[in-house]
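The values are calculated or read from the model by the stated rules, or taken from the named source; none is laboratory data. From a predicted model like this one, the values you see are computed outputs, not experimental measurements. Note: ideal-geometry Cβ built from the backbone for every residue, glycine included; neighbour counts use all protein chains shown. Keep in mind that these areas ignore ligands, DNA and RNA; they rest on the heavy atoms of the full protein, side chains included. Shrake-Rupley method; radii C 1.70, N 1.55, O 1.52, S 1.80 Å.
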Amino acid sequence: MTARERDQGPAETCQVRSVNRGDVSRVRGRLLATEVYADLAALFAALGDPTRARIVHVLLSQEMCTCDVAAAIGLTESAVSQHLRLLRNLRLVKNRRAGKVVYYSLDDEHVAQLVRIGLVHLGHDGGLIPVSPQRATTPA
């Protein structure tokens, strides 16, 4: 415990107990349904897994098939497929089938923005990772 905390209490709490009813009422009026916050938490929990964050990062620049994503991040196709299923269910990625090959890409620009903002916040240049237009890839 620092001298400041001994003298003034922890910095995280108010030193004067006084509720501003106007502020509280105004903020409560802006709160969304609890289910929305549950969905938001699930979205961030999905990105909170290092493997899924890597998968999303790989898909930031181009769409890729499961095999290529697995090779890029060094996991089995089965493991990547499980992660992609969860990411797809949360609408972070989408897929398209071309014959027998399934290609994955980020669901929309918002997902790319989340990743870029997170990388910039961590001190990386999120602008170095361009999002290319969906390319029409055909199986080799």
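A few comments on the model shown:
- Whole-percent carbon and sulfur share, accessible surface of segment 31-87, 1.4 Å: 62 percent
- Relative contact order (percent, whole number), segment 50-131, Cα cutoff 8 Å, 6+ residue spacing: 32 percent
- Extension gain, Val24 to Val102, is 23.2 nm, computed as 0.36 nm per intervening residue step minus the present C-alpha separation.
- Cβ-derived FRET efficiency at R0 35 Å, Ala33 paired with Ser61, nearest 0.05: 0.50
- List Ile117, Ile73, ordered by accessible area with a 1.4 Å probe, largest first: Ile117, Ile73
- Shown is the FRET efficiency for Gln113 and Arg17, computed with R0 = 35 Å from the Cβ-Cβ distance and rounded to the nearest 0.05: 0.35.
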